[in-house]
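Down below is the structure, laid out as structure tokens.
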Amino acid sequence: MTKTKFSLKKRLHSFRYAFNGLRIIWREEHNFKVHLLAMVLTTALSLLLQINAYEWLAVILAIGFVLVGELLNTAMENLADFVCAETDPRIKRIKDLAAAAVLLSSITALIVGAIIFVPKLYTLFLRIDLL
């Protein structure tokens with residue numbers, strides 16, 4: 001077994017592939033843009049409501065969970081299309097399962113958001129109503 005020598009240049013070069021993947025998903029996937037818009041709105045709401053550090057952690061993890069799910073779903077769909085270009089019920093099943101993963105991650109993020117933001121928004125609107 002031969003060991004390969006560590007090369008910082010090669011490690012840094014490997015980031016190009018990851019950034020290329022982000023460029024691809026940005027150009028080709030509408031749903032990724034929808035998730036990014038939700039991320040921007042959630043971040044703005046988080047700043048406005050001055051959420052605490054633990055709430056930030058939950059929000060960041062939820063956002064990352066959804067974005068990673070969308071990336072993996074897109075990769076799975078691309079692989080499935082490469083393996084079988086024609087309509088196949090097995091490929092449809094694989095794609096549906098990958099899409100379900102994104103759906104569940106989005107629902108989870110929505111629940112996290114509701115737990116954090118609903119009480120804060122309720123309190124904010126209650127204060128406004130009392131004025």
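Which of the residues that make up segment 100-114 are open to solvent by less than 60 Å² (accessible area, probe 1.4 Å) and either touching a Phe, Trp or Tyr at 6+ places or on another chain (Cβ under 7 Å) or free of Cβ contacts under 8 Å to residues at least 40 places away in the same chain (or both)? Steps first, answer last, please.
At the first step, the residues of segment 100-114 found to be open to solvent by less than 60 Å² (accessible area, probe 1.4 Å) are 100-102, 105-106, 109, 112-114.
Residues satisfying the conditions are Ala100, Ala101, Ser105, Ala109, Ala114.
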Mind checking whether some residue in segment 2-17 is β-branched (Val, Ile, Thr) and either closer than 30 Å to Thr123 by Cβ or touching a residue at least 12 places away in the same chain (Cβ under 8 Å) (or both)?
no
Can you find a residue that is of a type in the set (Val, Ile, Thr) and touching a residue at least 60 places away in the same chain (Cβ under 8 Å) anywhere in segment 68-82?
no
Count, please, the residues in segment 36-65 that happen to be touching a Ser or Thr at 6+ places or on another chain (Cβ under 7 Å) and open to solvent by less than 60 Å² (accessible area, probe 1.4 Å).
3
Which numbered condition trips up Val68, out of (1) surrounded by fewer than 16 Cβ atoms within 10 Å (Cβ to Cβ); (2) touching a Ser or Thr at 6+ places or on another chain (Cβ under 6 Å)?
(2)
The residue that is modelled with the lowest pLDDT, considering only those in segment 1-15 that are of a type in the set (Lys, Arg) and exposed (fewer than 10 other Cβ atoms within 10 Å of the Cβ), is Lys3
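The values are calculated or read from the model by the stated rules, or taken from the named source; none is laboratory data. The structure presented is a predicted model; accordingly, all values stated were derived computationally and were not measured. Cβ atoms come from the backbone with ideal geometry, glycine included; neighbour counts cover every protein chain shown. SASA here: full protein model, heavy atoms, side chains in, ligands and nucleic acids out. Shrake-Rupley method; radii C 1.70, N 1.55, O 1.52, S 1.80 Å.
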